[in-house]
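Participant: Here you go, one structure.
Bear in mind that the values in this text are calculations on the coordinates, not laboratory data. All figures in this text were calculated on a predicted structure; none of them were measured in a lab. No Cβ is skipped: glycine too gets one built from the backbone with ideal geometry, and neighbour counts run over all protein chains shown.
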Amino acid sequence: MFYKFSLNDSFLVIENTFLSEKIDINSIDDIVISNEFPAKKYSLYMFFTKPIQYEPKKGWLNKMIFLISNNNSNPYEIKRTYYDHEIEPLLILIKKGVPDADLPELKNSLFWRTDDGINVFSKMKVMYSREKRSLTDIFKKHGMMME
């Protein structure tokens, strides 16, 4: 799927062929990135305090496909995989909208390692945490790891 990213007012907008996702920049709570070795893919986990606003593109066919394909069961998070050439522009926009975000160097992603004193995670990094949480605490908070 092809994505187009933009920053409009205080919204990060992620568009594909069928819909637009509008994310209030001020609602970004946590962002985690991981390398999907051996492909040049990266998983991005974004968590929000306000729900994502979904808008179908114009046209009845797009609205029908939107209704069928919009299966994000939690409008407070995005868990998605992007190729390196897709994610680079998104990371730049995230940094513009959230200046405290720590942009990782994608070329060295194979060597990413997070040791938060409790657990060690290979090929993963916290890009941003509003409350300065560790990777373990972020995963626990968002139900991705058991307490």
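Participant: At a temperature of 4 °C and a viscosity of 1.567 mPa s, determine how fast the chain diffuses translationally according to Stokes-Einstein, using the Kirkwood radius over alpha-carbon pairs as Rh; express D in µm²/s, rounded to the nearest whole number.
Facilitator: In µm²/s, the coefficient is 81.
Participant: Here's another thing I want to ask about it. Can you return the lysines within cross-link range of residue 50? Criterion is Cα-Cα under 18 Å, with same-chain partners fewer than 8 residues away left out.
Facilitator: Within reach: 22, 79, 141.
Participant: Which entries in 58/123; 58/140; 41/140 show an alpha-carbon gap greater than 32 Å?
Facilitator: Listed pairs above 32 Å: 58/123; 58/140.
Participant: Where Lys and Arg each count +1 and Asp and Glu each count -1, what net charge lies around residue 17 among other residues with Cβ under 11 Å from its Cβ?
Facilitator: Overall, the nearby charge balance is +1.
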